[in-house]
Amino acid sequence: MGASSSTLDPSSPSPPGRALHVLRVAPGSPADGFIEPFFDFLVGVDGSQLGNVVDAKSLSRMVEEHEGKPLPLLIWSAKYRQMRVVPIIPSRTWSQASHDSSSNANEPPSLLGLSMRLCTPEHALESVWHILEVLEGSPAESAGLVPYGDWVVGWSGGVLSGENAFYDLVEAHIDKPLRAIIYSYDFE
């Protein structure tokens, strides 16, 4: 959907100081299948680094200027600890139908299909929980969680932050459905 395959840039294995953490990739969007939520960070656009201060207006203008044309995104992967360049073709056509029927008619549809937040990649993945044990008959067992093979990386409400965030989230969902986002090493 609007992009070619990624290429790796082995020159920078360490995480960048600041970046835009990809929290969600909209299905069918230009970024779908090329950017991985929770593990990928937008570090630069069209050959320039974002740096410590991200100017949303400049970034938005740059993406708009590339509508219908390839836009190289510099992505750092926390999973593979590598930089790569992902050429994406910004487009509104993927979201036109849903946008026309939405209540936000004054907002233009997304060109990339990404939801992101500014953060420090080094610390962004500190709030990931490795599944070490699954008790028989527990909700974790019925969900199919695998000890030592699965990690909780977020939930349907976004990322978790802080040492007790996951525990607080589980407590708030006792006897209620909880949609967690799981990374499974076994299904990599």
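The values are calculated or read from the model by the stated rules, or taken from the named source; none is laboratory data. Since we're looking at a predicted model, the values are computed, not measured. Reconstructed Cβ throughout: ideal geometry from the backbone, glycine too, with neighbour counts over all protein chains shown. Just so you know, the surface numbers come from the protein's heavy atoms only, side chains and all, with ligands and any DNA or RNA stripped out. Shrake-Rupley method; radii C 1.70, N 1.55, O 1.52, S 1.80 Å.
Residues that are modelled with pLDDT of 90 or more, within 28 Å of TRP155 (Cβ to Cβ), within 18 Å of the chain's Cα centre (by Cα) and not in a strand (DSSP E or B): does the range 8-23 have at least one?
no
So which residues in the range 89-109 are modelled with pLDDT of 85 or more and either within 15 Å of the chain's Cα centre (by Cα) or exposed (fewer than 15 other Cβ atoms within 10 Å of the Cβ) (or both), if there are any at all?
THR93 - this is the single residue of the range 89-109 that is modelled with pLDDT of 85 or more and either within 15 Å of the chain's Cα centre (by Cα) or exposed (fewer than 15 other Cβ atoms within 10 Å of the Cβ) (or both).
Only one of GLU133, GLU163 is at pLDDT 75 or above, assigned to a loop (DSSP other than H, G, I, E, B) and not aromatic (Phe, Trp, Tyr). Can you tell me which?
Numbers: GLU163 fails: at pLDDT 75 or above.
Going through GLU133, GLU163 in turn, the sole match is GLU133.
Could you tell me whether GLU36 is open to solvent by 30 Å² or more (accessible area, probe 1.4 Å) and within 14 Å of the chain's Cα centre (by Cα)? Break it down into steps so the answer makes sense when it comes.
Details: open to solvent by 30 Å² or more (accessible area, probe 1.4 Å): yes; within 14 Å of the chain's Cα centre (by Cα): yes.
For GLU36, the condition - open to solvent by 30 Å² or more (accessible area, probe 1.4 Å) and within 14 Å of the chain's Cα centre (by Cα) - is met.
Among the residues of the range 58-78, count how many are in contact (Cβ under 8 Å) with a residue 40 or more places away in the chain, open to solvent by 50 Å² or more (accessible area, probe 1.4 Å) and part of a helix (DSSP H, G or I).
Final tally of qualifying residues: 1.
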